[in-house]
Every structure is written in structure tokens, then in C-alpha cells.
1. Please work out whether segment 10-59 counts as rounded, prolate or oblate from its C-alpha gyration tensor, where a ≥ b ≥ c are the square roots of the eigenvalues and a/c under 1.5 means rounded, while otherwise a/b larger than b/c means prolate and anything else oblate?
2. What percent do you get for the relative contact order of segment 10-59 when only Cα pairs under 8 Å and 6+ apart count?
3. Treat every Asp and Glu Cβ in segment 10-59 as -1 and every Lys and Arg Cβ as +1, leave all other atoms uncharged, and give the resulting dipole magnitude about the Cα centre to the nearest 20 debye.
4. Please work out how much length the chain gains when fully extended from Thr24 to Val54, using 0.36 nm per residue of separation minus the C-alpha to C-alpha distance, in nm with one decimal.
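Laboratory data are not the source of any read-out in this text; all were calculated from the coordinates shown. None of these values were measured; they are calculated from a predicted model. Cβ placement follows ideal geometry from the backbone for every residue including glycine, while neighbour counts extend to all protein chains displayed.
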Amino acid sequence: MRQYHRIQKQFYRICLVSERDSQTLALVPDVENAYMIVQLLKESQRLRDGQRIVSFPSVLRPEPDSEKTDQVTIVTSADDVT
């Protein structure tokens, strides 16, 4: 039995950024949750000098310009599970 799940293509990426490196902490589906998580992390984490936590829109698996859709379809099948 196949199940189809639609997930949106654009997420908000929350990253810990320093002068030399950037590390993704989370991918969040909407801006309100991204803002809330960033605020909570800024309040609860002790950041070193030069580090900051940022959030920005990020597209998962960008497709060629010919196909412009807002969602990606993921097909799962019970036959695929091993």
C-alpha cells in the first residue's frame, strides 16, 4: 500500500554561525516557530564571542526553473521497508 505525503519545499533553517563555520541546528516549516526557537536558543545558550544564532528561508532540493511548485511529494510503500 502506497502512501503519499506532501511536504512544503521551503523551510526556515536555524543555524549557529561563527566567523569560520556554520552548523544547521533545525529545519522548521514556518516563520513563527523559527522565530520562537531562535529566541529560546538565544536566551538559554551561552554563545562564544563571534557566534550567533540565525534563521533564514531555505529550499529543500531546488528543482529546475521549469517546474515551480510549493510542495514535494514523498511516496512510501510497505514493500520498500526491509
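1. Note, shape of segment 10-59 comes out oblate.
2. Result for segment 10-59 is 51 percent.
3. Computed about the Cα centre, the dipole is about 140 debye.
4. 9.8 nm
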